[in-house]
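To keep things clear, I will list the structure first and then write my remarks on it.
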Amino acid sequence: MNAKVQSAELEMRPSRDLSPEAVRMLIRAGHYQGATAGLAPGYVQGNLVILSKDLAGDFLAFAHQNPKPCPVIGLSEPGSPRVPGLGSSIDLRTDLPRYRVWKNGELVSEVSDIRDHWRDDLVSFVIGCSFSFEEALLEDGIPLRHVACGANVAMYRTNIACAPAGPFAGPMVVSMRPLKPADAIRAIQITSRFPAVHGAPVHLGDPSLIGISDLAKPDYGDPVEVKDDEIPVFWACGVTPQAVIAAAKPAFAITHAPGAMLITDKRNSRMSAF
């Protein structure tokens, strides 16, 4: 098969009408390796962090210290690729479109299947994702440009330091959505209801105040235009552990690739605190 044709097929987005399990089965079979924003509407998506058992306690403490960027919604048993509370058929080794493999804090590969990297001492953390509150924003009539464009949300490292725990410390990563001021106010109200998926924004307006020098050059994801009548609104992001892994340099770790999430069987409505 022509490489360009094969690549295009792998990026063809599944129908929005498919169930979470059906989308996961397409991903597991290698038929889709793109971004998951907008897929299986109504269902929670999650960021992934996989570490050795000896570091799991420290990372869990780190997550508890930093609930805005790292709200844990699922935790596996050591050596198990299952998180039954998020979906009985989930296999964390195959069901995300893309994974990142890290060694000593360096990103060494990006793959679509981690079965060859799996070990019996690995513990998996599933962390809440802002895609859950995006659905609530869209239902309220607040437009999200990256969703409309089929792009990945723009994400940036900041100068906001996370609270350290054990070897884990580093900068908070944020996702940015450009909104008109009235929509930004409403977005604060709506996302405050979702503390398990990052909650309210951590910053609005001037990006330089949180250490971002150029919105056109995100550290992860795709650049998104901010129009003259809009302000950038920043939420804590579940890619934060990747910046922390780069700083802490554990011998081995696996994460999701930014924007390529785990689609779960849990309803977004279950993430709302009220």
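The values are calculated or read from the model by the stated rules, or taken from the named source; none is laboratory data. The structure presented is a predicted model; accordingly, all values stated were derived computationally and were not measured. Cβ sites come from the backbone with ideal geometry, for glycine too, and all protein chains shown count toward neighbours.
Check the stretch 52-62 and report whether any residue there is touching a residue at least 24 places away in the same chain (Cβ under 8 Å) and part of a loop (DSSP other than H, G, I, E, B). Scanning the stretch 52-62, I find no residue that is touching a residue at least 24 places away in the same chain (Cβ under 8 Å) and part of a loop (DSSP other than H, G, I, E, B), so the answer is no. Of all the listed residues (126, 101), the sole one being closer than 27 Å to residue 13 by Cβ, in contact with a His (Cβ under 7 Å, 6 or more places away or on another chain) and buried (at least 17 other Cβ atoms within 10 Å of the Cβ) is 101. Confirm whether residue 127 is within 30 Å of residue 183 (Cβ to Cβ) and either assigned to a loop (DSSP other than H, G, I, E, B) or within 14 Å of the chain's Cα centre (by Cα) (or both). In short, yes. Being within 24 Å of residue 44 (Cα to Cα) and of a type in the set (A, V, I, L, M, F, W, C) holds for only one residue in 194, 168, and it is 194. Whether any residue in the stretch 49-61 is farther than 27 Å from residue 120 by Cβ and at pLDDT 90 or above is what I want to check. Checking the stretch 49-61: not a single residue is farther than 27 Å from residue 120 by Cβ and at pLDDT 90 or above. Scanning the stretch 207-236 for residues that are within 16 Å of the chain's Cα centre (by Cα) and either outside any loop (DSSP other than H, G, I, E, B) or not assigned by TED's automatic domain parsing to the domain that holds residue 142 (or both) gives 220, 234, 235, 236. In the condition set (1) touching a Lys or Arg at 6+ places or on another chain (Cβ under 7 Å); (2) surrounded by 20 or more Cβ atoms within 10 Å (Cβ to Cβ); (3) over 21 Å from residue 237 (Cβ atoms), residue 42 is compliant with all but (2). All told, residue 96 falls short of being assigned to a helix (DSSP H, G or I), assigned by TED's automatic domain parsing to the domain that holds residue 121 and modelled with pLDDT of 95 or more. Residue 151 falls short of the stated requirement of being in a loop (DSSP other than H, G, I, E, B), within 24 Å of residue 210 (Cβ to Cβ) and modelled with pLDDT of 95 or more. When the residues of the stretch 227-274 are filtered to those that are touching a Leu at 6+ places or on another chain (Cβ under 8 Å) and free of Cβ contacts under 8 Å to residues at least 60 places away in the same chain, the one that is nearest to residue 119 (Cα to Cα) is 233.
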